[in-house]
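Chemist: My questions all concern the structure below.
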Amino acid sequence: MQGRSRRAGWVRAAKLAGLGVLAMPLLAGCSVEEAIRFGWPVGVTPEATQMRHLWTWSAIAALVVGVITWGAMFWAVVFHRKKKGDDESVPRQTQYNLPVEIVFTVIPTIIVAVLFGFTVAVQQYVDKDVPADMKVDVTGFQWNWAFAYPEEVAADGEPVQTIGTAQTIPLLVLPTNTSIEFTIASNDVIHSFYVPEFLFKRDVFPMPEKNDTDNVFVIDRIEQEGAFVGRCAELCGTYHASMNFEVRALNPQLYERYITLRKENNPQTGVPYTAQEALSSLNCGQWCAPEAITTSPFTGRGQQYAPLPQAAGN
């Protein structure tokens, strides 16, 4: 009778613990969707969504396996511990139990195979090589970024481009609902192109052809307007931490007006519009702010960086 009462107590305790775990997201003011993101930001591309789903379900699968493993471990500790009055005989051994060994081999193999299959599927989708609606060249250099639109030629005969300086965060203006091909390269050391809302990082190598690196990737679209901070995620030198940029996503109509201005000369300056001047002319609210709104220059570094040879401002 006493043993039955003790087991009932353990069952009640386990139920309460389970309810507590389930209630934690609600008590913390989190939705279920927020809880199962496990800290990942909300992505703004289809590729980001696929990667987040892979991460979420991989984490959930790991937690399920962990709960089963922990449950079996604690069950063995509680119900097979040495009790008062037990003799010194060795408990029944199961190391040669063939069915158990088969189960312990087959189930982990299935789990690994399923995770591998989903990982490969998502990786192939993210790394697909397909034609895109537009192209952008991304160049990293110590310690800033240059963005060029090779298919858009400005009034001076050069491709439209935006180059960051020590005082100016470069703005990478892109359209929403448009597939985009990025070609990334470095002028000096290895950098890393990282936009948290894209949910991935891409290493930016110097001389990608000689280094045999795939420096081209495509995103299907940016799904919403907004401003998203970008960073270098590779330790690249003294001012690595200040090597930020901003992705500015505009609806296609606004973007067309923006890129049209970038290809024309500004009547007031006699040279092609800069990104700041073109955005100011659009006058479309916060997404057309001429300066970055998600980050700011690190003023402590002064002019100590190596600009591109053709750098002439933003």
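The values are calculated or read from the model by the stated rules, or taken from the named source; none is laboratory data. As the structure is a computational prediction, the values presented were derived from the model and not from experiment. So basically every Cβ, Gly included, is an ideal-geometry build from the backbone, and we count neighbours across all protein chains shown. Surface accessibility is based on the protein's heavy atoms, side chains included, excluding ligands, DNA and RNA. Shrake-Rupley method; radii C 1.70, N 1.55, O 1.52, S 1.80 Å.
Chemist: Within the range 272-280, does at least one residue satisfy the condition of being surrounded by fewer than 20 Cβ atoms within 10 Å (Cβ to Cβ) and closer than 14 Å to V44 by Cα?
Modeler: Checked against the condition, which is being surrounded by fewer than 20 Cβ atoms within 10 Å (Cβ to Cβ) and closer than 14 Å to V44 by Cα, the range 272-280 yields no hits at all.
Chemist: Here is a further query. Does the range 165-173 contain at least one residue that is of a type in the set (G, A, S) and more than 17 Å from S296 (Cα to Cα)?
Modeler: No: zero hits.
Chemist: Given the structure, is K82 touching a residue at least 40 places away in the same chain (Cβ under 8 Å) and not aromatic (F, W, Y)?
Modeler: No; evaluated as a whole, the condition is false for this residue.
Chemist: Could you list all residues from the range 70-106 that are within 30 Å of R37 (Cα to Cα) and open to solvent by less than 80 Å² (accessible area, probe 1.4 Å)?
Modeler: The answer is G71, A72, V106.
Chemist: When both residues are 6+ apart or on different chains and their Cβ atoms are under 6 Å apart, which pairs have a first residue that lies in the range 40-65 and is closer than 17 Å to K128 by Cα, and a second that is among the basic types (K, R)?
Modeler: Close Cβ pairs (under 6 Å, with a partner that is among the basic types (K, R)) do not exist here.
Chemist: Taking the criterion of being modelled with pLDDT under 90 and not in a helix (DSSP H, G or I), would at least one residue in the range 52-72 satisfy it?
Modeler: no
Chemist: Go through the residues of the range 215-224 one by one and say whether even a single one is free of Cβ contacts under 8 Å to residues at least 40 places away in the same chain and out of contact with any Gly (no Cβ under 7 Å at 6 or more places or on another chain).
Modeler: Checked against the condition, which is being free of Cβ contacts under 8 Å to residues at least 40 places away in the same chain and out of contact with any Gly (no Cβ under 7 Å at 6 or more places or on another chain), the range 215-224 yields at least one hit.
Chemist: Could you tell me whether R248 is open to solvent by less than 20 Å² (accessible area, probe 1.4 Å) and outside any loop (DSSP other than H, G, I, E, B)?
Modeler: yes
Chemist: Keeping to the range 136-170, report how many residues are closer than 16 Å to Y239 by Cβ, open to solvent by less than 20 Å² (accessible area, probe 1.4 Å), hydrophobic (A, V, I, L, M, F, W, C) and not in a strand (DSSP E or B).
Modeler: Within the range 136-170, residues that are closer than 16 Å to Y239 by Cβ, open to solvent by less than 20 Å² (accessible area, probe 1.4 Å), hydrophobic (A, V, I, L, M, F, W, C) and not in a strand (DSSP E or B) number 2.
Chemist: Return only the number of the condition from (1) touching a residue at least 40 places away in the same chain (Cβ under 8 Å); (2) open to solvent by 40 Å² or more (accessible area, probe 1.4 Å); (3) over 19 Å from G164 (Cβ atoms) that K210 does not satisfy.
Modeler: Unmet condition: (1).
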